[in-house]
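See below for the structure under consideration.
The values are calculated or read from the model by the stated rules, or taken from the named source; none is laboratory data. Here the structure is a predicted model, which means the values were calculated and not measured. No Cβ is skipped: glycine too gets one built from the backbone with ideal geometry, and neighbour counts run over all protein chains shown.
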Amino acid sequence: MKRILSGMQPTSQLHLGNYLGALKNWVSFQDKQDTECLYCVVDLHAITVAYEPEVLKKASLEIAAAYIAAGIDPKKSTIFVQSAVPEHSQLMWLLGTMAQMGKLQRMTQFKDKAGKNAERAGLGLFAYPVLMAADILIYKATHVPVGEDQKQHLELTRDLASTFNTKFDIDFFPHPEPVITGPAPRVMSLRDGTKKMSKSEPSDMSRINLTDDADTILKKIKKAKTDPEPLPDSLESLEERPEALNLITLYAALANEAKEDSLKRFAGESFSVFKPAFAELVIESFAPITNEMNKLMQDIDQVQKIVDSGSEKSRDIAAPVLRDVHKIMGLSAL
(Lines give C-alpha, C1' and ligand atoms only; values in the text may rest on other atoms or scores of the structure.)
Protein backbone atom coordinates (compact mmCIF):
# COMPACT_ATOMS: atom_id res chain seq x y z
CA MET A 1 0.00 0.00 0.00
CA LYS A 2 1.35 3.41 -1.00
CA ARG A 3 0.71 6.37 1.27
CA ILE A 4 0.81 9.82 -0.32
CA LEU A 5 1.21 13.00 1.72
CA SER A 6 1.15 16.50 0.31
CA GLY A 7 -0.09 19.95 1.26
CA MET A 8 -0.26 23.67 0.52
CA GLN A 9 0.10 26.79 2.60
CA PRO A 10 -3.02 28.87 3.34
CA THR A 11 -1.30 32.09 2.36
CA SER A 12 -3.67 33.34 -0.35
CA GLN A 13 -5.81 32.18 -3.24
CA LEU A 14 -4.83 29.08 -5.18
CA HIS A 15 -4.00 29.60 -8.83
CA LEU A 16 -3.56 27.78 -12.13
CA GLY A 17 -0.09 26.64 -11.11
CA ASN A 18 -1.41 25.03 -7.92
CA TYR A 19 -4.13 23.29 -9.91
CA LEU A 20 -1.96 21.90 -12.71
CA GLY A 21 1.12 21.30 -10.60
CA ALA A 22 -0.65 19.66 -7.67
CA LEU A 23 -4.44 19.48 -7.31
CA LYS A 24 -5.14 17.85 -10.67
CA ASN A 25 -2.60 15.14 -9.86
CA TRP A 26 -3.90 14.68 -6.31
CA VAL A 27 -7.33 13.89 -7.70
CA SER A 28 -5.90 11.15 -9.91
CA PHE A 29 -3.99 9.55 -7.02
CA GLN A 30 -7.10 9.05 -4.88
CA ASP A 31 -8.69 6.72 -7.44
CA LYS A 32 -5.86 4.19 -7.29
CA GLN A 33 -6.80 1.12 -5.24
CA ASP A 34 -3.34 0.61 -3.75
CA THR A 35 -2.95 4.21 -2.59
CA GLU A 36 -3.95 6.06 0.59
CA CYS A 37 -3.98 9.85 0.26
CA LEU A 38 -3.55 12.49 2.96
CA TYR A 39 -3.79 16.14 1.92
CA CYS A 40 -2.85 18.78 4.44
CA VAL A 41 -3.33 22.52 4.83
CA VAL A 42 0.12 23.40 6.17
CA ASP A 43 -0.70 26.36 8.40
CA LEU A 44 2.34 25.87 10.64
CA HIS A 45 4.56 26.58 7.64
CA ALA A 46 2.58 29.76 6.94
CA ILE A 47 3.53 31.35 10.28
CA THR A 48 7.26 31.40 9.47
CA VAL A 49 6.62 34.81 7.86
CA ALA A 50 4.44 37.78 8.85
CA TYR A 51 0.72 36.96 8.96
CA GLU A 52 -2.63 37.97 10.47
CA PRO A 53 -4.18 35.33 12.78
CA GLU A 54 -7.78 35.82 11.67
CA VAL A 55 -6.77 35.86 8.01
CA LEU A 56 -4.81 32.63 8.49
CA LYS A 57 -7.72 30.87 10.16
CA LYS A 58 -10.11 31.82 7.37
CA ALA A 59 -7.59 31.00 4.65
CA SER A 60 -7.06 27.51 6.07
CA LEU A 61 -10.72 26.66 5.51
CA GLU A 62 -10.70 28.34 2.10
CA ILE A 63 -7.78 26.17 0.97
CA ALA A 64 -9.56 23.06 2.28
CA ALA A 65 -12.65 24.14 0.32
CA ALA A 66 -10.49 24.58 -2.79
CA TYR A 67 -9.17 21.03 -2.38
CA ILE A 68 -12.74 19.71 -2.33
CA ALA A 69 -13.92 21.95 -5.17
CA ALA A 70 -11.04 20.77 -7.35
CA GLY A 71 -12.11 17.16 -6.90
CA ILE A 72 -10.51 15.86 -3.71
CA ASP A 73 -13.19 13.57 -2.27
CA PRO A 74 -13.24 13.46 1.56
CA LYS A 75 -14.59 9.89 1.28
CA LYS A 76 -11.51 8.82 -0.67
CA SER A 77 -8.83 11.11 0.76
CA THR A 78 -8.08 12.59 4.17
CA ILE A 79 -8.17 16.40 4.26
CA PHE A 80 -6.83 18.02 7.42
CA VAL A 81 -5.09 21.03 8.93
CA GLN A 82 -1.49 20.57 10.06
CA SER A 83 -1.75 22.40 13.39
CA ALA A 84 -4.66 20.17 14.45
CA VAL A 85 -2.22 17.25 14.60
CA PRO A 86 0.39 18.20 17.24
CA GLU A 87 2.48 15.15 16.40
CA HIS A 88 3.90 17.12 13.47
CA SER A 89 5.54 19.65 15.77
CA GLN A 90 6.62 17.05 18.30
CA LEU A 91 8.37 14.91 15.71
CA MET A 92 9.97 18.01 14.24
CA TRP A 93 11.82 18.67 17.49
CA LEU A 94 13.04 15.09 17.70
CA LEU A 95 14.26 15.17 14.10
CA GLY A 96 15.74 18.62 14.71
CA THR A 97 18.22 17.09 17.17
CA MET A 98 19.59 15.10 14.20
CA ALA A 99 19.43 17.77 11.48
CA GLN A 100 22.77 19.27 10.51
CA MET A 101 23.08 23.06 10.46
CA GLY A 102 25.22 22.97 7.33
CA LYS A 103 22.53 21.21 5.32
CA LEU A 104 19.84 23.60 6.52
CA GLN A 105 21.99 26.61 5.61
CA ARG A 106 22.26 25.31 2.06
CA MET A 107 18.50 25.11 1.54
CA THR A 108 17.62 27.25 -1.48
CA GLN A 109 14.22 28.31 -0.16
CA PHE A 110 15.73 29.70 3.06
CA LYS A 111 18.25 31.72 1.04
CA ASP A 112 15.50 33.06 -1.22
CA LYS A 113 13.11 34.04 1.58
CA ALA A 114 15.69 35.33 4.04
CA GLY A 115 17.71 37.15 1.40
CA LYS A 116 20.14 39.65 2.88
CA ASN A 117 18.37 39.43 6.26
CA ALA A 118 19.47 35.86 7.05
CA GLU A 119 20.90 36.95 10.40
CA ARG A 120 17.50 38.30 11.43
CA ALA A 121 15.43 35.41 10.07
CA GLY A 122 13.43 33.38 12.57
CA LEU A 123 14.23 29.82 13.61
CA GLY A 124 10.93 28.71 12.06
CA LEU A 125 12.00 29.81 8.58
CA PHE A 126 15.42 28.22 9.03
CA ALA A 127 13.98 24.93 10.34
CA TYR A 128 11.13 24.87 7.81
CA PRO A 129 12.56 21.79 6.00
CA VAL A 130 12.71 19.84 9.28
CA LEU A 131 9.01 20.46 9.85
CA MET A 132 8.36 19.37 6.28
CA ALA A 133 10.28 16.17 7.02
CA ALA A 134 8.16 15.62 10.12
CA ASP A 135 4.98 16.21 8.08
CA ILE A 136 5.99 13.33 5.84
CA LEU A 137 7.60 10.91 8.27
CA ILE A 138 4.92 11.13 10.98
CA TYR A 139 2.67 9.23 8.55
CA LYS A 140 5.45 7.05 7.16
CA ALA A 141 4.47 8.36 3.74
CA THR A 142 5.98 6.39 0.88
CA HIS A 143 5.42 8.95 -1.90
CA VAL A 144 5.32 12.75 -1.91
CA PRO A 145 4.07 14.83 -4.87
CA VAL A 146 6.49 17.75 -5.01
CA GLY A 147 7.36 20.59 -7.32
CA GLU A 148 10.87 20.78 -8.64
CA ASP A 149 11.66 23.51 -6.10
CA GLN A 150 10.79 21.16 -3.22
CA LYS A 151 13.00 18.23 -4.25
CA GLN A 152 15.83 19.54 -2.05
CA HIS A 153 13.56 19.43 1.01
CA LEU A 154 12.50 15.88 0.23
CA GLU A 155 16.16 14.87 0.00
CA LEU A 156 16.61 16.22 3.53
CA THR A 157 13.60 14.15 4.62
CA ARG A 158 15.24 11.04 3.19
CA ASP A 159 18.52 11.96 4.91
CA LEU A 160 16.79 12.37 8.27
CA ALA A 161 14.99 9.04 7.84
CA SER A 162 18.35 7.38 7.17
CA THR A 163 20.01 9.17 10.09
CA PHE A 164 17.27 8.02 12.48
CA ASN A 165 17.32 4.43 11.23
CA THR A 166 21.12 4.25 11.40
CA LYS A 167 21.42 5.99 14.78
CA PHE A 168 19.04 3.55 16.44
CA ASP A 169 19.87 0.54 14.26
CA ILE A 170 16.29 0.01 13.16
CA ASP A 171 14.41 -0.01 9.86
CA PHE A 172 11.64 2.33 11.01
CA PHE A 173 11.13 5.27 8.68
CA PRO A 174 10.68 4.64 4.94
CA HIS A 175 12.56 6.68 2.35
CA PRO A 176 9.75 8.60 0.63
CA GLU A 177 9.95 8.86 -3.14
CA PRO A 178 9.23 12.11 -5.01
CA VAL A 179 6.33 12.09 -7.44
CA ILE A 180 6.60 14.70 -10.18
CA THR A 181 3.78 14.08 -12.61
CA GLY A 182 1.63 15.76 -15.18
CA PRO A 183 2.37 17.82 -18.28
CA ALA A 184 2.91 21.03 -16.28
CA PRO A 185 4.92 20.26 -13.11
CA ARG A 186 6.31 23.81 -13.19
CA VAL A 187 3.90 26.57 -14.22
CA MET A 188 5.47 29.91 -15.03
CA SER A 189 4.26 33.48 -14.53
CA LEU A 190 2.06 35.16 -17.14
CA ARG A 191 4.32 38.22 -16.86
CA ASP A 192 7.70 36.44 -17.03
CA GLY A 193 8.15 33.00 -18.56
CA THR A 194 11.38 32.47 -16.62
CA LYS A 195 9.76 32.80 -13.17
CA LYS A 196 7.42 30.39 -11.42
CA MET A 197 3.76 31.39 -11.04
CA SER A 198 3.48 32.32 -7.38
CA LYS A 199 0.89 33.38 -4.82
CA SER A 200 3.46 35.79 -3.36
CA GLU A 201 4.05 37.69 -6.61
CA PRO A 202 2.86 41.29 -6.03
CA SER A 203 1.09 41.56 -9.40
CA ASP A 204 -2.17 39.64 -9.57
CA MET A 205 -1.82 39.77 -13.38
CA SER A 206 1.00 37.23 -13.12
CA ARG A 207 -1.38 34.38 -12.27
CA ILE A 208 -4.88 33.05 -12.87
CA ASN A 209 -6.67 32.39 -9.58
CA LEU A 210 -9.16 29.56 -9.19
CA THR A 211 -11.75 32.14 -8.12
CA ASP A 212 -11.23 34.56 -11.05
CA ASP A 213 -14.37 35.21 -13.11
CA ALA A 214 -14.49 34.83 -16.89
CA ASP A 215 -13.83 38.50 -17.63
CA THR A 216 -10.81 38.57 -15.32
CA ILE A 217 -9.36 35.41 -16.87
CA LEU A 218 -9.78 36.79 -20.38
CA LYS A 219 -8.17 40.10 -19.39
CA LYS A 220 -5.17 38.41 -17.76
CA ILE A 221 -4.55 36.09 -20.69
CA LYS A 222 -4.87 38.91 -23.25
CA LYS A 223 -2.26 40.88 -21.29
CA ALA A 224 0.04 37.87 -20.75
CA LYS A 225 3.55 38.55 -21.99
CA THR A 226 4.36 37.01 -25.38
CA ASP A 227 6.46 37.92 -28.42
CA PRO A 228 5.56 39.18 -31.92
CA GLU A 229 6.37 35.92 -33.72
CA PRO A 230 3.63 33.45 -34.74
CA LEU A 231 3.53 30.04 -33.08
CA PRO A 232 5.87 27.51 -34.74
CA ASP A 233 5.17 23.87 -35.59
CA SER A 234 7.83 22.31 -33.34
CA LEU A 235 8.69 22.49 -29.63
CA GLU A 236 12.37 22.96 -30.47
CA SER A 237 11.48 26.33 -31.95
CA LEU A 238 10.08 27.46 -28.58
CA GLU A 239 13.27 26.83 -26.59
CA GLU A 240 14.26 30.50 -26.73
CA ARG A 241 10.67 31.74 -26.30
CA PRO A 242 9.81 31.06 -22.62
CA GLU A 243 6.48 32.91 -22.55
CA ALA A 244 5.19 31.16 -25.67
CA LEU A 245 6.34 27.78 -24.35
CA ASN A 246 4.60 28.44 -21.03
CA LEU A 247 1.25 29.24 -22.64
CA ILE A 248 1.38 26.20 -24.92
CA THR A 249 2.30 24.03 -21.93
CA LEU A 250 -0.66 25.35 -19.95
CA TYR A 251 -3.05 24.88 -22.86
CA ALA A 252 -1.91 21.28 -23.36
CA ALA A 253 -2.19 20.48 -19.66
CA LEU A 254 -5.77 21.75 -19.46
CA ALA A 255 -6.72 20.06 -22.75
CA ASN A 256 -5.20 16.76 -21.57
CA GLU A 257 -3.09 16.44 -24.69
CA ALA A 258 0.59 16.45 -25.64
CA LYS A 259 2.26 19.84 -26.14
CA GLU A 260 3.15 18.79 -29.67
CA ASP A 261 -0.54 18.31 -30.49
CA SER A 262 -1.52 21.68 -29.05
CA LEU A 263 1.26 23.36 -30.98
CA LYS A 264 0.21 21.74 -34.26
CA ARG A 265 -3.31 23.03 -33.68
CA PHE A 266 -2.08 26.64 -33.60
CA ALA A 267 1.04 26.42 -35.78
CA GLY A 268 1.44 29.58 -37.84
CA GLU A 269 -1.20 31.45 -35.85
CA SER A 270 -0.57 34.69 -33.99
CA PHE A 271 -1.21 35.10 -30.27
CA SER A 272 -4.28 37.17 -31.11
CA VAL A 273 -5.81 33.88 -32.27
CA PHE A 274 -4.29 31.63 -29.61
CA LYS A 275 -5.05 33.73 -26.52
CA PRO A 276 -8.87 33.80 -26.86
CA ALA A 277 -8.90 30.04 -27.41
CA PHE A 278 -6.69 29.55 -24.38
CA ALA A 279 -8.89 31.83 -22.26
CA GLU A 280 -12.00 29.89 -23.32
CA LEU A 281 -10.35 26.63 -22.24
CA VAL A 282 -9.32 28.05 -18.84
CA ILE A 283 -12.80 29.46 -18.21
CA GLU A 284 -14.42 26.15 -19.17
CA SER A 285 -12.02 24.21 -16.92
CA PHE A 286 -12.35 26.51 -13.91
CA ALA A 287 -16.10 27.19 -13.97
CA PRO A 288 -17.12 23.98 -12.12
CA ILE A 289 -14.38 24.51 -9.53
CA THR A 290 -15.29 28.14 -8.95
CA ASN A 291 -19.00 27.33 -8.64
CA GLU A 292 -18.36 24.51 -6.17
CA MET A 293 -15.95 26.68 -4.20
CA ASN A 294 -18.59 29.40 -3.86
CA LYS A 295 -21.12 26.84 -2.61
CA LEU A 296 -18.68 25.47 -0.04
CA MET A 297 -17.78 28.92 1.25
CA GLN A 298 -21.48 29.55 1.87
CA ASP A 299 -21.54 26.41 4.05
CA ILE A 300 -18.23 26.83 5.84
CA ASP A 301 -19.42 24.79 8.82
CA GLN A 302 -19.57 21.74 6.57
CA VAL A 303 -15.99 22.37 5.46
CA GLN A 304 -14.99 22.66 9.12
CA LYS A 305 -16.61 19.28 9.85
CA ILE A 306 -14.69 17.66 6.99
CA VAL A 307 -11.42 19.14 8.22
CA ASP A 308 -12.10 18.12 11.83
CA SER A 309 -12.88 14.56 10.75
CA GLY A 310 -9.74 14.45 8.62
CA SER A 311 -7.60 15.78 11.44
CA GLU A 312 -8.94 13.07 13.77
CA LYS A 313 -8.12 10.38 11.21
CA SER A 314 -4.64 11.84 10.77
CA ARG A 315 -3.99 11.77 14.51
CA ASP A 316 -5.03 8.12 14.58
CA ILE A 317 -2.15 7.43 12.19
CA ALA A 318 0.37 9.88 13.65
CA ALA A 319 0.00 9.16 17.37
CA PRO A 320 1.20 5.52 17.28
CA VAL A 321 4.18 6.55 15.13
CA LEU A 322 5.21 9.20 17.65
CA ARG A 323 4.80 6.70 20.51
CA ASP A 324 7.11 4.29 18.72
CA VAL A 325 9.66 7.05 18.13
CA HIS A 326 9.61 7.89 21.86
CA LYS A 327 10.25 4.25 22.75
CA ILE A 328 13.07 3.92 20.22
CA MET A 329 14.74 7.12 21.48
CA GLY A 330 14.40 6.17 25.13
CA LEU A 331 11.95 8.96 25.97
CA SER A 332 9.02 8.82 28.36
CA ALA A 333 5.96 6.99 27.07
CA LEU A 334 3.15 9.12 25.65
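Each row is one residue, and each column tells you yes or no for (1) in the same structural domain as residue 153 (by TED's automatic domain parsing); (2) part of a loop (DSSP other than H, G, I, E, B); (3) surrounded by fewer than 18 Cβ atoms within 10 Å (Cβ to Cβ).
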residue: 11; (1), (2), (3): yes, yes, no
residue: 18; (1), (2), (3): yes, no, no
residue: 22; (1), (2), (3): yes, no, no
residue: 32; (1), (2), (3): yes, yes, yes
residue: 38; (1), (2), (3): yes, no, no
residue: 44; (1), (2), (3): yes, no, no
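Filtered by the rule that a residue be buried (at least 22 other Cβ atoms within 10 Å of the Cβ), assigned to a helix (DSSP H, G or I) and either hydroxyl-bearing (Ser, Thr, Tyr) or in contact with a strand residue (DSSP E or B) (Cβ under 6 Å, 6 or more places away or on another chain) (or both), segment 73-102 gives a lone residue, 82. Within segment 127-156, residues that are assigned by TED's automatic domain parsing to the domain that holds residue 171 and crowded, with 21+ Cβ neighbours inside 10 Å have Cβ atoms under 6 Å from residues that are among the aromatic types (Phe, Trp, Tyr) and at pLDDT 95 or above in these pairs: 137/173, counting only partners at least 6 apart in sequence or on another chain. Looking across segment 235-251, the residues that are assigned to a helix (DSSP H, G or I) and either surrounded by fewer than 18 Cβ atoms within 10 Å (Cβ to Cβ) or not polar (S, T, N, Q) (or both) come down to 235, 236, 237, 238, 242, 243, 244, 245, 247, 248, 250, 251. Scoring residue 27 on the criteria (1) surrounded by 23 or more Cβ atoms within 10 Å (Cβ to Cβ); (2) out of contact with any Leu (no Cβ under 7 Å at 6 or more places or on another chain); (3) hydrophobic (A, V, I, L, M, F, W, C); (4) more than 16 Å from residue 314 (Cβ to Cβ) leaves a single failure, condition (1). Selection of segment 179-208 for residues being modelled with pLDDT of 90 or more, touching a His at 6+ places or on another chain (Cβ under 8 Å) and not charged (D, E, K, R) yields only 208. Take residue 270 and tell me if it is out of contact with any strand residue (DSSP E or B) (no Cβ under 6 Å at 6 or more places or on another chain) and not assigned by TED's automatic domain parsing to the domain that holds residue 57. Yes. For segment 298-312, a residue qualifies if it is assigned to a helix (DSSP H, G or I) and among the polar types (S, T, N, Q), and the qualifying residues are 302, 304, 309, 311.
If you go through segment 196-225 and keep only what is outside any helix (DSSP H, G or I), more than 26 Å from residue 266 (Cα to Cα) and charged (D, E, K, R), you end up with 199, 201. In segment 61-69, the condition of being surrounded by 13 or more Cβ atoms within 10 Å (Cβ to Cβ) and at pLDDT below 85 is met by no residue. Taken over segment 194-225, the criterion of being under 20 Å from the mean Cα position of the chain (by Cα) and in contact (Cβ under 8 Å) with a residue 24 or more places away in the chain is satisfied by 194, 196, 197, 198, 199, 200, 207, 208, 209, 210, 211, 212. Scanning segment 131-151 for residues that are farther than 15 Å from residue 36 by Cα and assigned to a loop (DSSP other than H, G, I, E, B) yields a count of 2.
Is segment 226-233 home to any residue that is part of a helix (DSSP H, G or I), without any contact (Cβ under 8 Å) to a residue 12 or more places away in the chain and over 23 Å from the mean Cα position of the chain (by Cα)? Looking through segment 226-233, none of the residues is part of a helix (DSSP H, G or I), without any contact (Cβ under 8 Å) to a residue 12 or more places away in the chain and over 23 Å from the mean Cα position of the chain (by Cα). Of all residues assigned to segment 41-56, at least one qualifies as being of a type in the set (A, V, I, L, M, F, W, C) and touching a strand residue (DSSP E or B) at 6+ places or on another chain (Cβ under 8 Å).
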